[in-house]
């Protein structure tokens, strides 16, 4: 939430200007929300859940992707924006007579996140284990949290 | 004529905007990545002549945190994933994945041989095979001609 400067006079044009600013901020600050909800994912039920955790010296990204092959998961990084795409192929089963439940989703998915701080893209580590894709992205020196001593 | 065209265009735009905002705000919590989700335990269940097969998505769950029990022909599957909050110095920028316990009950359409149920967990997918009892397996009935 941004701080808005307190203005003494409270007339209508000020309020409208504030509202304009708020709407601008809203759309500018969160491009991720809209790409996810409006582009190729519209109508596509496959949106794997993603956690982005910020530590002192690194950012961890975890995506729930059960039942994938490593080769079908792709991670791209560009200008602090992480883009994870992939495809879960429908499984070839031997003899399936009759389905009672079919809830699992297959097919393509795409998720993108803009990372909160500057990161060192050279050393991104990606591991796919137990159906979870874990990315560890070290922060740049300036972005690391530094403790400041109070005298 | 041209006036009505313009009016229609305006209504179209209004519809588009309405749909847009509805779609974006439909899952506000999920959209803003602020909450912790619930594990749905999506399941596929099908049968063949010999057995019932269940496949459940259980991402990030270790084998020893899955508990499967069977009462008659109902399977109870409990899973748990450690609470992420307990680790130090973490601040969530975006949080959608669940942590904690989840449970699902699946009732199979007919009797199963409880002693020969087998389960495998690989890549975050739990696969359970429940063999049918002998009486439940389909039998071919030959038609005699008189």
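The values are calculated or read from the model by the stated rules, or taken from the named source; none is laboratory data. Quick caveat: nothing in here was measured; it's all calculated off a predicted structure. Positions of Cβ are backbone-derived with ideal geometry, glycine not excepted, and every protein chain shown enters the neighbour counts.
In the condition set (1) within 11 Å of chain B (Cβ to nearest Cβ); (2) part of a loop (DSSP other than H, G, I, E, B), residue A:146 is compliant with all but (1).
Kindly evaluate residue B:68 against the criterion of being within 12 Å of chain A (Cβ to nearest Cβ), under 30 Å from residue B:133 (Cβ atoms), at pLDDT 85 or above and not in a helix (DSSP H, G or I). Break it down into steps so the answer makes sense when it comes.
Values: within 12 Å of chain A (Cβ to nearest Cβ): no; under 30 Å from residue B:133 (Cβ atoms): yes; at pLDDT 85 or above: yes; not in a helix (DSSP H, G or I): yes.
No, not satisfied.
Reported count of residues in the stretch A:41-63, each being in contact with a strand residue (DSSP E or B) (Cβ under 6 Å, 6 or more places away or on another chain) and either at the interface with chain B (Cβ under 8 Å from one of its Cβ atoms) or modelled with pLDDT of 90 or more (or both), is 11.
In the stretch B:23-60, which residue that is in a loop (DSSP other than H, G, I, E, B) and at pLDDT 90 or above is farthest from the other protein chains (Cβ to nearest Cβ)?
Initially, the stretch B:23-60 is screened for residues in a loop (DSSP other than H, G, I, E, B), giving B:26-27, B:33-42, B:48-50, B:58-60.
Subset that is at pLDDT 90 or above: B:58-59.
On the way: B:58: 7, B:59: 4 Å.
Of everything passing the filter in the stretch B:23-60, B:58 is farthest from the other protein chains (Cβ to nearest Cβ).
Quick check: is even one residue across the stretch A:97-115 more than 20 Å from the chain's Cα centre (by Cα), loosely packed, with under 13 Cβ neighbours inside 10 Å and not in a strand (DSSP E or B)? Looking through the stretch A:97-115, at least one residue is more than 20 Å from the chain's Cα centre (by Cα), loosely packed, with under 13 Cβ neighbours inside 10 Å and not in a strand (DSSP E or B). Among the residues of the stretch B:95-132, those identified as at the interface with chain A (Cβ under 10 Å from one of its Cβ atoms), over 21 Å from residue A:129 (Cα atoms) and surrounded by 15 or more Cβ atoms within 10 Å (Cβ to Cβ) are B:106, B:108. Report yes if some residue within the stretch A:67-80 is modelled with pLDDT of 70 or more, at positive phi and loosely packed, with under 11 Cβ neighbours inside 10 Å; otherwise report no. The answer is yes, given that some residue of the stretch A:67-80 is modelled with pLDDT of 70 or more, at positive phi and loosely packed, with under 11 Cβ neighbours inside 10 Å. Checked against (1) at the interface with another protein chain (Cβ under 8 Å from one of its Cβ atoms); (2) within 30 Å of residue B:138 (Cβ to Cβ), residue A:131 meets all criteria but (2).
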